[in-house]
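Read through the structure below, which is laid out as structure tokens, and then see the notes.
Every number in this text was worked out from the coordinates using simple rules, so none of it is lab data. This one's a predicted model, so the numbers in the text were calculated from it and none came from an experiment. Cβ sites come from the backbone with ideal geometry, for glycine too, and all protein chains shown count toward neighbours.
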Amino acid sequence: MRRKLVVGNWKMNGSRAANAELLAGLNAAGPWTADVAVCAPFPYLGDVALSLQGGRIGWGAQDCSAHESGAFTGEVSAAMLAEFGCRFVIVGHSERRALHGESDQLVADKAKAALAHKLTPIVCVGETLAEREAGETDHVVKRQLSAVIHTLGHCVPQIVVAYEPVWAIGTGKTATPEQAQAVHALLRAQLHAATTKSDEMLILYGGSMKPDNAAQLLGQADIDGGLIGGASLKAADFAAICKAA
Ligand code: PEP
């Protein structure tokens, strides 16, 4: 039985005051049977760590460099994140693939850098609307995951995968539970071919998950939790999704 995981992706939102209010609301909510974490912008990670210290909610970052250290202005290494207690790091979010030109291989290298410092990479895969309409969904997500599988080798079981159809992110359009389950099953089969531990691995769904659709999505056999954008910014909404998990 896989324990569910719900992760909030705050993206480039928040302020010290707003974050303190949100985290106070989350600390007061629960308990949940699912594991829960929030991924905050880099400057706030110290505050987030302090607010969540000793509690049940984990925290993470939204990206890391594929490099160890050096002349990479503006980048943050996995070692830096690990140094002050970070547990998760999102890699390959579609916004980074689309807006920052991140390739499948770069995403895989970031996952490898994260694992080298004992962080859990949450590796995002997902197709655009044009790719879905062209019948390319399976091909695209398999290609994205394949780069990670080949790069990580026997370390594959240490990652979390997040299926995030790009057309569902921040749009209010959610994949139906059946659409999401079909892709999750495909990804599980791909993991199964790579590792004997595929049944223990978590595959999260992300894309306009909200309190009113969470239970149905999370009730699917291969959906092991959620990566939540917009709804993670309101304590009541995020808490309701955590409860549904
Ligand atoms: C995301 O950014 O990972 C995401 C799933 O966003 P939203 O929930 O707002 O669609």
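Brief remarks on what is shown
- Cβ-based net charge around Ala244, under 12 Å, with every Lys or Arg adding one and every Asp or Glu removing one: +1
- Built from the Cα atoms of region 155-245, the convex hull projects on average onto 5.6 nm², one quarter of its surface area.
- With 24 Å as the limit, the listed pairs Lys142/Lys243; Lys4/Lys210; Lys11/Lys110; Lys11/Lys243; Lys11/Lys197 have Lys142/Lys243; Lys11/Lys197 beyond it between alpha carbons.
- Alpha-carbon centroids, region 119-150 and region 14-64: separation in whole Å: 28 Å
- Gained length - Glu178 relative to Ala24, 0.36 nm times residue gap less alpha-carbon distance: 51.9 nm
- Amide H contacts of Val36 (H built 1.01 Å from N, under 5 Å, at least 5 apart or other chain): Val6, Gly58
- Phi angles of region 34-39 translate, via the Karplus equation with coefficients 6.51, -1.76, 1.60 and θ = phi - 60°, into HN-Hα couplings of 6, 6, 9, 8, 10, 10 Hz per residue; Gly and Pro are given as x.
- For Cys64, no residue has an amide H sitting under 5 Å from its own, ignoring neighbours fewer than 5 places away on the same chain, with H placed 1.01 Å from N.
- Leading residue at positive end of dipole, the chain (Cβ point charges), from Tyr44, Gly229, Val148: Tyr44
- Extension gain (nm, one decimal) between Lys197 and Thr33, 0.36 nm per residue minus Cα-Cα: 56.8 nm
- Our coupling estimate for region 105-113, obtained by passing each phi through the Karplus curve with A = 6.51, B = -1.76, C = 1.60 and θ = phi - 60°, is 5, 5, 4, 4, 5, 5, 4, 5, 4 Hz, Gly and Pro reported as x.
- Close amide H pairs (under 5 Å, H built 1.01 Å from N) link Gly225 with Leu5, Tyr205, residues at least 5 positions away or on another chain.
- In the chain the longest region clear of GluC sites (Glu not before Pro) that are loop-assigned by DSSP and have at most 16 other C-beta atoms within 10 Å covers 137-245.
- Isotropic mean projected area of the C-alpha convex hull, the chain (nm²): 12.1 nm²
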